[in-house]
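The values are calculated or read from the model by the stated rules, or taken from the named source; none is laboratory data. Note that the coordinates shown come from a computational prediction; the quantities given were computed from them, not determined experimentally. With ideal geometry, Cβ positions are generated from the backbone for all residues, glycine too; neighbour counts draw on all protein chains shown. To get the accessible areas, we keep the full protein, side chains included, count just its heavy atoms, and leave off ligands, DNA and RNA. Shrake-Rupley method; radii C 1.70, N 1.55, O 1.52, S 1.80 Å.
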Amino acid sequence: MPTTPRVWAYIDETGDRGSGPNSSPVFGMAAVIVDDLSAPELRSAVTTLRTDFGVPAGKVMSWKEHVKNHDRRKRASAVLAGVPNLHVCYVFAVKNEVDPSSYICDPVRFYNFVALETYRSVAGAARDLYGTDARLWTRYGHVRGHDHNTTDAYIRRKSQTDERIPWHMEQGLRWVSADKYLESQAADLYGGFLKAAIWPSGEFGYTESAYLMSIWHQIRASEHCVVPHGLRSMPDTGLVAKMEWFPCRPCPKIPS
Ligand SMILES: [Zn+2]
């Protein structure tokens, strides 16, 4: 008897849910999906980067604190790009495109909605890659001040009434602190690769897509395209195709 595939998803958010002038232009999540074979490879890659960047034992490596310059970002994307059989799903909302009276107006709803859309991508990827018998453990990064029980209940309720979401694979959603799994630190860095590409920053407001391009082959693709199941922009899946670095042109999934 072949053993049942075991799949883990680690999810971290990027940006904030605020709407003021100092808040981020996007809010999104990065999900890293690994199996029995790729999980140890990913942990090894994270350990390599922790050593490279001199992260002290017991401290969580993060994009914000340890991966600030181009060399380090290039190194992080190169090392993670080499992890085989790893799949990434991104979901992000472009705030100024979202109807201000919709989910964006309430931080809890905003988080829950993005978390659900991310879950939809993750569970669909796990099913398509590993089959409906696979078991999935989904681990979101813990967010201070947010009651995750509401998100758990929301995703559970939505998934049980949406036959497109293979909820039976899920072994229990968890919200975990960043120091619990090395893989969560990778999710933070993958979030950084997306952030660098879509979020103008620094003195001159440049974006940098090189890191995202390095790991592009790991973004979950179906029918030869990462849109929308591996890379979903909201409210419109076509928004990401308008970004100047978008490499899939013309994109068959996006009507021109
Ligand atoms: Zn495409």
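Details
- In this structure, the pairs whose alpha-carbon distance is over 19 Å, taken from Lys68/Lys95; Lys95/Lys242; Lys95/Lys195, are Lys68/Lys95.
- Accessible surface for the stretch 6-242, divided over its residues, is 46 Å² per residue with a 1.4 Å probe.
- In the chain, the calculated helix contribution to ellipticity at 222 nm averages -11000 deg cm²/dmol per residue, counting -39,500 (n - 2.57) for every DSSP H run with n ≥ 4.
- Fully extending the segment from Asp99 to Asn149, taken as 0.36 nm per residue of separation minus the present Cα-Cα distance, adds 15.4 nm.
- Charge tally around Arg156: other residues with Cβ under 14 Å, Lys/Arg +1 each, Asp/Glu -1 each, net +1.
- Shape call, the stretch 162-256: gyration tensor on alpha carbons, a/c limit 1.5: oblate
- Long-range amide H partners of Met234 with built H, under 5 Å: Phe92, Ala93, Val94
- Accessible surface for Leu129 stands near 60 Å², nearest 10, in the context of the full protein assembly shown (1.4 Å probe).
- Efficiency of FRET from Cβ geometry, Asn22 and Ser222, R₀ 35 Å, rounded to 0.05: 0.40
- For the stretch 21-137, the direction-averaged projected area of the alpha-carbon convex hull comes to 9.6 nm².
- Of the chymotrypsin sites (Phe, Trp or Tyr not before Pro) found in the stretch 35-106, those that fall in a DSSP loop while having at most 16 other beta-carbon atoms within 10 Å are Phe53.
- When the alpha-carbon atoms of the chain are used, the pair Rg, Dmax equals 17.3, 59 angstrom.
- The residues neighbouring Val60, those whose beta-carbon lies less than 10 Å from its own, together hold a net charge of 0 under the Lys/Arg +1, Asp/Glu -1 convention.
- Antiparallel bridge percentage (DSSP; both residues within the stretch 6-242; nearest 5): 55 percent
- Of the accessible area of the chain, computed with a 1.4 Å probe over protein heavy atoms only, carbon and sulfur atoms account for 50 percent.
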